[in-house]
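Written out below as structure tokens is the structure these notes cover.
Read-outs throughout are calculated quantities, based only on the coordinates presented, and are distinct from any laboratory measurement. Note that this is a predicted model, so its numbers are computed, not measured. Cβ: placed from backbone, ideal geometry, glycine included. Neighbour counts: every protein chain shown.
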Protein chains: 2
Amino acid sequence: MSSSSRRPTSADVAARAGVSRATVSMVLNGRVEGTVAEATQQRVLAAAAELGYTRSALAISLKERRSRTIGLITDEIATSPFAGRMARAASMVAAQHDHLVITVDLSLRDHTVEDAARLLAERQVDGLLFATMGRMRGPLPVVPPGIPLVLANHEPVSSGADERGEGAELPPTFVPDDYGGARRAARRLIETGHRRIVMLSGDDRSVAVLEREAGFCDELADAGLDPRMVKAGWQIDDGYRAAARLFAGEEPPTGVFCIRDRVAAGVLQAAAAAGIAVPGDLSVIGFDDEDFFAERLVPKLTTIALPHEEMGRRAMAALFARLEGEAAGGDAGLVVVECPLVERESVGIARGR
Amino acid sequence: MSSSSRRPTSADVAARAGVSRATVSMVLNGRVEGTVAEATQQRVLAAAAELGYTRSALAISLKERRSRTIGLITDEIATSPFAGRMARAASMVAAQHDHLVITVDLSLRDHTVEDAARLLAERQVDGLLFATMGRMRGPLPVVPPGIPLVLANHEPVSSGADERGEGAELPPTFVPDDYGGARRAARRLIETGHRRIVMLSGDDRSVAVLEREAGFCDELADAGLDPRMVKAGWQIDDGYRAAARLFAGEEPPTGVFCIRDRVAAGVLQAAAAAGIAVPGDLSVIGFDDEDFFAERLVPKLTTIALPHEEMGRRAMAALFARLEGEAAGGDAGLVVVECPLVERESVGIARGR
């Protein structure tokens, strides 16, 4: 890069236009009020354009005490295939409000949420969105005063004695209805006539596992059926192996609800290898509705959608409602967002067999 | 949020500590030099801590003419499952240099790269990284003067008469060696004894398709074999359907090279449905090495890795080398990054059949 390409300053604009820096400032800030001749104004604007001079949004921010940026604090959201939808929808709303997003990924350094919030506060962000990749429960993050906070996928729980006292208000918090989604999945299998139904669950104790298992079990219990639960895991090969064992065992299921679309993909391959037709002999239902995945499996996967796009959109909208003093009208407190059923081709009427 | 939670100013700190704003400024900027009594310093620091006052990084930026932020311009990189690795590796290097990343996703508004660069220049970013999700060729983006630019996955091509003249220097540009990777995949199938080899390619004319097809065809030609090419598509079901047709046809292949891991996943399922063992009867090799995918297929997929992590890391390092005036030592011009073979379980010695 040549030395002539250093970033131009308002002094450069002034020199080129043959005026003072004060005049440049007045013209570029639109405060001319008859004090600067029309020809001079044109000369300043032309000089600024020729030099590629950009006004400093930072200087404007300092005056207004608003930076037109939102801080997004995440845990690896950028590398998660479907939680990216949440970040994207949130960024879209920010863009509509002429705000940019500065992202701090906690996994990149040994940052706590509090560290990240302080770092972003120093950059004068107007508001903070803390969004985790997976659904979590944890303490309410403490952020610098005066900066509105909204949470997505992270549900604050009080840690016994609440240090913040009675007055501590829950910020708008958006979580998916994992429990209701799992009930919906089980109901779909029951209402299509299935009685031998198994859930292939995750092999951990995450909030998603606990909520989805509870929803599945409650729905089966309400129908007078015994729930059967297999701790499989979260990946394609986990689903493959668990399904292969079920198919080889006694009383193989006719309906399988999977903790995740990827597990369902493994079930579909294991069924193919065992000569079991889906949905003819076996119905399979997933969870997530992962982009370019569930709808591109063979057969196309019926699943429960994680509402990440809606969560990201509503979370950012709630943040702007607070920034604009409309808190009363927007979402507040804990908002549990519905996980809808997406009907495709992998669930069919149960055959007696 | 209560009105007492407005963001504190240095005036608030001064009032609480019972000193002037100038004293607050001197203490918080570490410029006390014996002029402020130790007890007063402690009082100011305590007041700032109690109020949760954060110094304005923007004010510091204005003085230093550096904002300690990097602008990342992308096209949906946030929602791409594996290109996220590139953004993450780049952000990691920025974090090591104490810089934050402001992301502008072109798909969120009708932005051109130039619009985004101008928007980020107004925020005084120190440098710009333009990274596209898929490999592309296009004109060199024009960015405001004085801001170093680095490119990843986007290869600038001159548009006939170069408007920028002879002196226009190519910024550091990082692209994957798709051609070499495809040769490596074909070579692996050839050296394990396969002669009936098919490539399942994408159904478009993207740079990745052109380069990978050329690499595949050249490697087979060098081995005296006729390349067979099927325009399948990029998704799981595309691979499934194309493979099912091949298995039902005459002279089914013993080796399949897929444009992408997802296409290979469809081939594995189609093979399972047709009773074809992988790698016993059929060898399959993918491209991408998508996270939590290739290594979790059944069998684990042998594939060619897209070096997105290395590209992101080296691109951001090249940007900081320029910022720190070390351009001569770092990467420059077009850098083609190797796509290595990742050996797993899906390629075996060819059987005569």
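Here is how the numbers come out for the structure above:
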quantity	calculated
Shielding by partners, peptide B:274-281 (average Cβ within 10 angstrom, other chains)	1
Between the stretch A:252-308 and the stretch B:189-247, the Cα center-to-center distance that results, in Å	28 Å
Phi to ³J(HN,Hα) by Karplus 6.51 cos²θ - 1.76 cosθ + 1.60 over the stretch A:13-27, Hz, x for Gly, Pro	5, 4, 4, 5, 7, x, 10, 7, 5, 4, 5, 4, 4, 4, 5
Candidate aspartates and glutamates - alpha carbon under 13 Å from A:K300, same-chain residues fewer than 8 apart omitted	A:D261, A:D289, A:E290, A:D291, A:E343, A:E345, B:D237, B:D238
For the stretch B:200-353: rounded, prolate or oblate by the Cα gyration tensor [a/c cutoff 1.5]	prolate
Candidate aspartates and glutamates - alpha carbon under 15 Å from A:K231, same-chain residues fewer than 8 apart omitted	A:D203, A:D204, A:E211, A:E213
DSSP beta bridge pairing in the protein assembly as shown, given as percent antiparallel to the nearest 5	10 percent
Share antiparallel - DSSP beta bridges, the stretch B:195-353, percent rounded to 5	10 percent
Label 7 Å beyond Cα on the Cβ vector: A:E324 copy-to-copy distances, nm	4.4
Potential extension, A:Q42-A:I349 segment - 0.36 nm per residue separation minus Cα distance	103.0 nm
Anisotropy class of the protein assembly as shown from Cα gyration tensor, a/c 1.5 cut	oblate
For the stretch B:203-219, Karplus couplings with θ = phi - 60° (6.51, -1.76, 1.60), whole Hz, Gly/Pro x	9, 9, 10, 5, 4, 4, 4, 4, 5, 6, 5, 5, x, 4, 5, 5, 5
Using alpha-carbon coordinates, inclination of helix A:308-323 to the longest axis of chain A, degrees	40 degrees
Candidates B:T69, B:T23, B:T254, ranked by Gaussian network fluctuation over chain B, Cα under 10 Å, top entry	B:T23
Estimated vicinal HN-Hα couplings, Hz - the stretch B:131-137 in sequence order (Karplus 6.51, -1.76, 1.60; Gly, Pro = x)	10, 9, 5, x, 6, 9, 10
Positive-pole candidate from A:V44, A:I102, A:Q235, dipole of chain A, charges at beta carbon	A:V44
Counted charge near B:V19, where neighbours are those whose Cβ lies closer than 13 Å (Asp, Glu -1; Lys, Arg +1)	+2
Ascending list, in nanometres, of distances separating the A:T9 label from those of the other copies (7 Å, Cα toward Cβ)	2.7
Binned Cα-Cα distances of chain A, short to long, each 20 Å bin given as a whole percent	26, 40, 24, 10, 1
Label spacing, shortest first and in nm, from A:R137 to its equivalents in the remaining copies (7 angstrom along Cα→Cβ)	5.6
Most mobile listed residue (A:R135, A:R188, A:R21) in chain A, GNM with C-alpha springs under 10 Å	A:R21
Net lengthening on full extension, A:D204/A:L334 (0.36 nm per residue, minus Cα-Cα)	44.3 nm
Charge tally in the Cβ shell below 10 Å around B:D226, where Lys, Arg are +1 and Asp, Glu are -1, B:D226 excluded	+3
Max mean-square fluctuation residue, GNM over chain B, Cα-Cα springs under 10 Å, options B:G134, B:G312, B:G18	B:G18
Separation in nanometres of the label points that stand 7 Å from Cα toward Cβ, at B:R245 and A:E251	4.5 nm
DSSP-defined antiparallel bridges as percent of all bridges, chain A, nearest 5	5 percent
Label-reachable residues, the stretch A:195-210, where backbone N falls under 16 Å from a point 7 Å from A:R228's Cα toward its Cβ	A:195-201
Summed side-chain charge close to B:R262 - residues other than B:R262 whose Cβ falls under 10 Å, Lys, Arg +1, Asp, Glu -1	-3
Footprinting exposure proxy for A:S206, A:S158 (fewest neighbouring C-beta atoms within 10 Å first)	A:S158, A:S206
